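Chemist: One structure, pasted below without further comment.
The values are calculated or read from the model by the stated rules, or taken from the named source; none is laboratory data. No experiment lies behind these values; they were computed from the predicted model shown. Please note: Cβ atoms are built from the backbone with ideal geometry, for glycine as well, and neighbour counts cover all protein chains shown. What goes into the accessible areas is simple: the full protein's heavy atoms, side chains included, and nothing from ligands, DNA or RNA. Shrake-Rupley method; radii C 1.70, N 1.55, O 1.52, S 1.80 Å.
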Amino acid sequence: MKFFADTADIDAIRELADTGLLDGVTTNPSLIKKAGRDIIEVTKEICTITTGPVSAEVVATEHDEMMREAEVLRKIADNIAIKVPLTKDGLKTCKKLTGDGTMVNVTLCFSANQALLAAKAGATFISPFVGRHDDVGYPGMELITDIRIIYDNYEFETQILVASVRNPIHIHDSAKLGADVMTAPPEVIWKLFNHPLTDKGLEAFLKDWESTGQKIG
Ligand code: E4P
């Protein structure tokens, strides 16, 4: 499963890349706002850190204007994936862009039927939002199970990109269910390292080593 960082924070992206944990980046208008930077400048900088897909989202809601914004965004770098919402205009834009060889991430997916539509429109990625589903009392991961079954039934090539990831259990379940990608805030990815037995074991090894009085090299 590929790991994308769900952030526009350059330092956080760089730290993940340096640890070999970064396969791509997703941004959205809220994350650009949080970064407090110009969308073109910050996205360009992200594309110098990773050669993996970097999602940049259009904000227009009508097809022609979406296409105009997509033209601007895709000029940023070769690894830009244009993010469009799961609407009629969004999928029309998706079909046109993927037909031209541009990667497209269809976002704001909340049902398996919506994911089916995105696959039929040729989406490169579908982004089902699991955390926002959990927030309203529906088990978000059930959506991933259903989309995996539907995509496998018809051999759709659209990649399932689990989004709105809030905790390590979402990542664990995404991998078990065979999601292609998950995107998470860096702080959630770092939590995957945590295990008390790792800390305890390391402490014991270091204590025993110290008592030998030896040095390596
Ligand atoms: C990613 O593509 C989505 O925009 C993001 O994961 C949404 O996450 P949130 O529900 O935590 O805002």
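Chemist: With an 8 Å Cα cut-off and a minimum separation of 6 or more residues, compute the relative contact order for the range 2-212 in percent. Working shown, then result.
Modeler: Numbers: 364 pairs, mean separation 34.1, N = 211.
This gives 16 percent for the range 2-212.
Chemist: If amide H atoms are built 1.01 Å from N in the plane of the peptide, which residues on other chains or at least 5 residues away come under 5 Å of the amide H of GLN159?
Modeler: Here the answer is PHE125, ILE126, since their amide H atoms fall under 5 Å of that of GLN159.
Chemist: At 0.36 nm per residue, minus the direct Cα-Cα distance, what do ASP152 and LYS88 gain on full extension? Give it in nm, one decimal, please.
Modeler: Gain on extension, ASP152 to LYS88, equals 20.6 nm.
Chemist: So what is the calculated 222 nm ellipticity per residue for the chain, using -39500 (n - 2.57) for each DSSP H run with n of 4 or more, over all residues, to the nearest 500 deg cm²/dmol? Mind showing how you got there, number by number?
Modeler: Working: 11 runs with 113 residues, N = 217.
That comes out to -15500 deg cm²/dmol.
Chemist: Counting only DSSP beta bridges with both residues in the range 2-212, what percent are antiparallel, rounded to the nearest 5?
Modeler: Given both bridge residues lie in the range 2-212, the antiparallel proportion sits at roughly 0 percent.
Chemist: Here is a further query. Let's see if you can work this out: charge +1 on each Lys and Arg Cβ, -1 on each Asp and Glu Cβ, no other charges. What is the dipole magnitude of the range 2-212 about its Cα centre, in debye to the nearest 20? Intermediate results must be reported in sequence, preceding the final value.
Modeler: On the way: 22 positive and 32 negative charges, 86 e Å.
So the dipole magnitude of the range 2-212 works out to roughly 420 debye.
Chemist: Between GLU45 and THR145, how high is the FRET efficiency from 1/(1 + (r/R0)^6) when r is the Cβ-Cβ distance and R₀ = 41 Å? Nearest 0.05.
Modeler: It comes out at approximately 0.65.
Chemist: May I pose another question? For the range 2-212, what is the accessible area per residue in Å², given a 1.4 Å probe and the full set of protein chains? Provide the component values of the computation, followed by the final result.
Modeler: Values: 10960 Å² over 211 residues.
Dividing the accessible area of the range 2-212 by its residue count gives 52 Å².
Chemist: Next question. Quick one: which of 10-16, 134-140, 86-92, 158-164 comes out on top by average Cβ neighbours within 10 Å, and what's the full order, highest first?
Modeler: Working: 10-16: 16.6, 134-140: 12.7, 86-92: 18.6, 158-164: 25.1.
Ranking the peptides 10-16, 134-140, 86-92, 158-164 by packing returns 158-164, 86-92, 10-16, 134-140.
Chemist: If r is the Cβ-Cβ distance from ASP64 to SER111 and R0 is 30 Å, what FRET efficiency results, to the nearest 0.05? Numbers along the way, then the final one.
Modeler: Values: r = 27 Å, r/R0 = 0.90.
The formula returns an efficiency of 0.65 here.
Chemist: In addition: At a 1.4 Å probe, what is the % contribution of carbon and sulfur to the accessible area of the chain? Please report the intermediate quantities before stating the final value.
Modeler: Numbers: 6280 of 11660 Å².
Carbon-and-sulfur percentage of accessible area, whole number: 54.
Chemist: Which of THR61, THR98, THR43 moves the most in a Gaussian network model of the chain with Cα springs under 10 Å?
Modeler: THR61
Chemist: Using the alpha-carbon centroid of each, what span in Å lies between the range 39-76 and the range 142-210?
Modeler: Measuring centre to centre over Cα atoms gives 27 Å.
Chemist: A further question follows. Using θ = phi - 60° and the Karplus form 6.51 cos²θ - 1.76 cosθ + 1.60, what ³J(HN,Hα) does each residue of the range 192-199 get, whole Hz, x for Gly and Pro?
Modeler: 5, 6, 5, 7, x, 6, 5, 4
Chemist: Could you check the simple spin-label distance between ASP208 and ASP135, using points 7 Å along Cα→Cβ, in nm with one decimal?
Modeler: Placing both labels 7 Å along Cα→Cβ, they lie 4.8 nm apart.
Chemist: Would you mind getting me the FRET efficiency between ALA175 and ASP100? Use the beta-carbon distance for r and R0 = 30 Å, nearest 0.05.
Modeler: Values: r = 32 Å, r/R0 = 1.08.
Calculated value: 0.40.
Chemist: Right, here's the next one. In whole Å, what are the extents of the range 2-212 along the principal axes defined by its C-alpha atoms, from largest to smallest?
Modeler: Answer, in whole Å and largest first: 71, 39, 30 Å.
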